[in-house]
1. When only Cα pairs under 8 Å and 6 or more residues apart are kept, what is the percent relative contact order across segment 254-323?
2. What is the pair-distance distribution P(r) of segment 254-323, computed from all Cα-Cα distances in 5 Å bins starting at 0, with each bin given as a whole percent?
3. How long are the semi-axes of the ellipsoid equivalent to segment 123-194, from square roots of 5 times the Cα gyration tensor eigenvalues, in whole Å, largest first?
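We did not get these values from a lab; they are worked out from the coordinates using the rules stated. Model, not experiment: these values are computed from the prediction.
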Amino acid sequence: MSPSTLPPTTKNSARRRRIRAAAAALLAGTLFLASCADDDGAEAGDSPDAVGQQSETDGEETTADGPGIGDPAEGNGMTVTVNEVTEAAEVDWDDLYEDEPTGKLSARDDGKLILVHTTVENTWQDDIMPACGDVATKLHGDNDARYGSVDNLFAYPGNPGCDNLGVGFDEEVTFVFEIPEAVEPVGFEFRIGRDHNAVNPVIRIDEVSDESERDRPSPTRSSSASSTTARTTTQATPAQQAPTAPSYMAPCAPSQLNQPAQASDGTWLVCTSMGAAGQSWVYGPAPQGAGTASDGAVCTDDESGGQDEQGRMMMCVNGQWVYGP
């Protein structure tokens, strides 16, 4: 009997046998390839998430054999060298206001401060302000968490202010982080703040010393060639403004948002968001001091210049404190 004359039941049985045979062959091939892949993985011995591998989730370069303390790490727009990493419960902190020119930055009871002392070289195509919001950083902990730096890094004694670092120059910048007491830092990640598409280098941290035992060098700015010029820093107060005092409608850094400052002529300014245009200095009232106002608290319409605990400027609108110049 020819295939065309087979009963329907017989033809269906033959078709099922051919399908089962093809499936068995495919399964055997798949098992063979999987076995080969397992052998290769056993030789490699590293998981994708292990320290020393490139992350598949965020593209960060976290090679254990990569740059460590003292090694220059090249990023998109700058080269950073971590010179030292220190730990402290509190550090000196230049206050931004007249009534307390020098203060302290203290960690919470269950926390600690980690200070990453670096040299930043500008290889971007424009000026940058490393201590004033143009450099985005993260501190990697041994708990697989990442921590952002504290606000107002320019207030750390010895850090450069909000003046520009030109292309081809470098300067020393200390980045300060607060992390839980039980967490140990293992990596320092950085990028130019405005470049959101860059792959972020991560510098390995394998040694942390005591901040109190550190010999703090004088802050310097030097050309990337060889010359080093001593940098003299002066604290800006209402009576004595720094040479780089802001001016009306000049740009300001994201870290300065809602913070007050004085122009060279003594006029009070406030860093205000201009939407897509970024941040700019605009006219504002004289600050009354940190902690004199809080968001939504009751005020009188004749009050102005209130500030929250972080020193951000507030104004009284309809009997309530709100953020603004």
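1. About 25 percent, as a whole number.
2. That works out to 4, 20, 26, 24, 17, 8, 1, in percent per bin.
3. Taking √(5λ) for each Cα gyration eigenvalue gives 25, 14, 9 Å.
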